[in-house]
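The values are calculated or read from the model by the stated rules, or taken from the named source; none is laboratory data. Every value quoted in this text rests on a predicted model; they were computed, and no experiment measured them. Backbone-built Cβ (ideal geometry, glycine too); neighbour counts: all protein chains shown. These accessible areas exclude ligands, DNA and RNA; they are computed on the full protein's heavy atoms, side chains included. Shrake-Rupley method; radii C 1.70, N 1.55, O 1.52, S 1.80 Å.
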Amino acid sequence: MKEKMQWPWPWRRRKVVVVVVLRKLLTCAICVIALMGLLSVRVHVFPSSKVSDLTDPYKLPTVTQHELNYQKLSAEKKWTQELTPPHLSKEQAPPHLSKAPLSSHKLNGANGSLDFEKLWKQPSNRDFVPCVQPGSNYTAPDESRGYLLVHTNGGLNQMRAGICDMVAVARIINATLVVPELDKRSFWQDTSNFSDVFDEDHFINALANDVKVIKKLPKDLSSATKVVRHFRSWSGLEYYRDEIASLWEEFQVIRAAKSDSRLANNHLPPDIQMLRCRACYEALRFSPKIEAMGKLLVDRMRAYGPFIALHLRYEKDMLAFSGCTHGLSDVEAEELRTIRENTAYWKIKDINATEQRSRGHCPLTPTEVGIFLTGLGYPSNTPIYIAAGEIYGGDTHMADLRSRYPILMSKVGKIGFC
C-alpha cells in the first residue's frame, strides 16, 4: 500500500500565504471598481440647489409633495418660455395669454421620443373619396305629389342630420320640400330660423336637380288639412314608398313631427345615400354672417400655430339629460336632476350616474380630457379652442385642464375673441 506523498512544511505554508494575498487583491479591486462606478453616476434628487439639512447621518432626506409633482410634470412634458401670439402685442393680449409657450419639436413620452410633427400630421384618407355626385342613371325629380313640412328637433348637429334625411325622404315620396323649421322648443330656447343659420338660397339652388324646395307653403294651402306623422325611426325605402306615400291619396300636405333618425343608415339605393351626402356637404352651408365669424375665429387661432378644436360635451343640458354627475358636487348633481325632472320631453328621469359612466355613456370630464391629451403627447403650449357652449361649473371644473393647457380660447368671455 502506497503512502500519500506529503509536501514539506515550508511549501505548505507558502501556498497558504499566496492564496490569502490573492484574495485580498481581488477584494480591493472589486471595491475600487464599485467606488469608481458610484462616483461616475450623477443623481438628481432635488429640482433646485437647495437641500435640506441632514442632522441625522443615517436619515434619508424627505421628498415633499411639491418635489414629487415637479418630477411628475418633468416626466410628462417640458414647460418652456412663453411669448405673446404674433397678432397681439403684450398690451392687447389677455392677462393669461400675455405669455405663450414656445413650441417644442420633441416630446419625451413614456414610450420614447415622439416627433412633434406627427401630432399634427394629416390623417390618411385610406383611399376614400367623396361620394356626392349622382350616378349616370340619376334623373330629375318626378312631378310633385304634395308638400312635405318638417319640424326638426334636437341640437344643431341633430337638426342638420335630420334635414339631410328629410331631403332624401322628399325624393323617395315625390314631395316638394318646404324649407324645414328649426327647433325652438328645445332646452336652449333658440329662436333662430333656417335662414339665420343656413344659406337658404344656396340650399334651394343646390338641390334643384334632386328635390324641389320652396321657402313657404303656398297661401292657398295654408288652411288645408295637414296630416301629422311621427315617421318611424330608422325606416327603409319600403316604409316611405308604401306607407307614407299612400297618404297623398287623401292629403296634399304631410307634416313630419320629428326629423332625427327617421331614415335607415343602410340598405338604401346608392343614389339616395349620395343625395344625403350632397345635402350635408354641399347644400347645407352656413349663412354668410356665420361663415364670416367662423373664418375670423379660425384665422385668429391659426395665428398661434397648430391648434385643437375641443368639444367637451360638458354643458348643463348634456349632463342633465345623460344623468352624468361624476366629479360634481351634491348640489350640482341635484340641480341637474331637477332639470331632468322638469323637462317634459326627456323621457328617462331616474338615472344611476355610476352605471351610466361604467357603460361609457358619459363624456370625459375636463380633467380627464387634459390627462388624455397629455397622454397622447400634446405639449402644454398647445392652443385649444373650446368649441362648445357654456361649460357647466365654469372655472371650477376647467381649472385642472387650464393648468395643463393654459392657452384655452372660446368665442365669448374674458378669454374669448368677441
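Here's how it looks for Phe286: its modeled amide H is under 5 Å from those of Asp199, which are all 5 or more places away or on a different chain. Rounded to two decimals, the Cα-based Rg/Rh of segment 146-286, with Kirkwood Rh, is 0.93.
Estimate the FRET efficiency between Ser136 and Leu364 by the formula 1/(1 + (r/R0)^6), using the beta-carbon distance for r and 45 Å for R0, to the nearest 0.05. Write down the numbers at each step before the final one.
Working: r = 46 Å, r/R0 = 1.03.
For R0 = 45 Å, the calculated efficiency reads 0.45.
The slack between Asp196 and Phe128, meaning 0.36 nm per residue of separation minus the straight C-alpha distance, is 21.1 nm. Taking the Cα centre of segment 290-414 as origin and assigning +1 to Lys and Arg Cβ atoms and -1 to Asp and Glu Cβ atoms, the resulting dipole is close to 440 debye.
Given charges of +1 on the Cβ of Lys and Arg and -1 on the Cβ of Asp and Glu, with all other atoms neutral, how large is the dipole of segment 146-286 about its Cα centre, in debye to the nearest 20?
Working: 18 positive and 18 negative charges, 39 e Å.
It works out to roughly 180 debye.
Ranked from largest to smallest solvent-accessible area, with a 1.4 Å probe on the protein heavy atoms, Cys277, Cys164 come out as Cys277, Cys164. Accessible surface computed residue by residue for segment 146-286, with neighbouring protein chains in place and a 1.4 Å probe, gives 49 Å² per residue. Close amide H partners of Ser410, meaning residues 5 or more places away or on another chain with modelled amide H under 5 Å apart, are Ile386, Gly416, Phe417. The aspartates and glutamates within cross-link reach of Lys216, meaning a Cα-to-Cα straight distance under 14 Å and a gap of 8 or more places when in the same chain, are Glu181, Glu200, Asp201.
Can you pick out the pairs among Lys121/Lys295; Lys121/Lys289; Lys289/Lys347 whose Cα atoms lie more than 25 Å from each other? Beyond 25 Å: Lys121/Lys289; Lys289/Lys347. A simple packing score, the average count of other Cβ atoms within 10 Å per residue, orders the peptides 261-269, 306-314 as 306-314, 261-269, with the highest score first.
Along its principal axes, segment 290-414 has C-alpha extents of 46, 34, 24 angstrom, given from the largest down. Short to long, the 10 Å bins of the Cα pair-distance histogram for segment 142-196 hold 25, 49, 22, 5 percent of all pairs.
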